[in-house]
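Nothing in this text is a laboratory measurement; each read-out follows from the coordinates by a stated rule. Being a predicted model, the structure only gives us computed values, none of them experimental. Cβ: placed from backbone, ideal geometry, glycine included. Neighbour counts: every protein chain shown.
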Amino acid sequence: MTAAPPLLPARLAGLVGRLPQWPPSAVLCAGLNLLFLPTLDKDTKQHLMGRIVSIQVSDAGLDGRISLTSIGFLPALRGAPEVTIRACAWDYYRLARRLEDPDTLFFSRRLTIEGDTELGLLVKNLLDAIDWTRLPGPLGPVIERLRRLAEGRGTRPERSR
């Protein structure tokens, strides 16, 4: 049995959990539109079109709700999600860095899918196919800082002597 994943520090989780739903949904949509949308085939786009998916970060209290529209992924702030995919920030990080297999997390109940199972498995497999390490801009250092926080090493980079 694998050890429990580290959770976000309570102060950070409390702060992030107070965010309205729109910012995390918009960030998620931007990443999906940049990395994911160009790779979708016509059948997959048709299957996802107009369906509301909730990606929840359990230890941060975040709920990113998205829907594919004719112009790309947009935040879905109205309506109930057809499927909810939930994991802690650490497990999403490990998935994004390809350090963990989504099936392993799913069968160990660290990644859950509720609602339309077929849609959930499609989304899980599509998210697994994204190379999140290719995200441009300052996201890489932010992810690295979060990794150090989760591992209990603080936020300052180590200095060489």
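Tabulated values for the structure
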{"item": "Residues of segment 67-93 with amide N under 12 Å of the 7 Å Cα→Cβ point at L37", "result": "67-75"}
{"item": "Mean separation of Cα contacts under 8 Å, 6 or more apart, over the residue count of segment 42-129: relative contact order %", "result": "25 percent"}
{"item": "Karplus 3J(HN,Hα) series, Hz, for segment 98-115 with 6.51 cos²θ - 1.76 cosθ + 1.60 (x for Gly, Pro)", "result": "6, 9, 9, 8, x, 5, 4, 5, 5, 6, 8, 6, 8, 10, 10, 10, 10, x"}
{"item": "Residue among V53, S67, Q21 farthest towards the positive dipole end of segment 10-149, charges placed on Cβ", "result": "Q21"}
{"item": "Under 18 Å from the K45 label point (7 Å along Cα→beta-carbon), backbone N, segment 69-88", "result": "69-75"}
{"item": "Cβ-Cβ FRET estimate between N125 and V27, R0 fixed at 22 Å, reported to 0.05", "result": "0.50"}
{"item": "Built amide H within the under 5 Å cut-off of L111, gap 5+", "result": "F106"}
{"item": "Phi to ³J(HN,Hα) by Karplus 6.51 cos²θ - 1.76 cosθ + 1.60 over segment 42-59, Hz, x for Gly, Pro", "result": "4, 5, 5, 4, 5, 5, 8, 3, x, 8, 8, 10, 10, 10, 10, 9, 4, 7"}
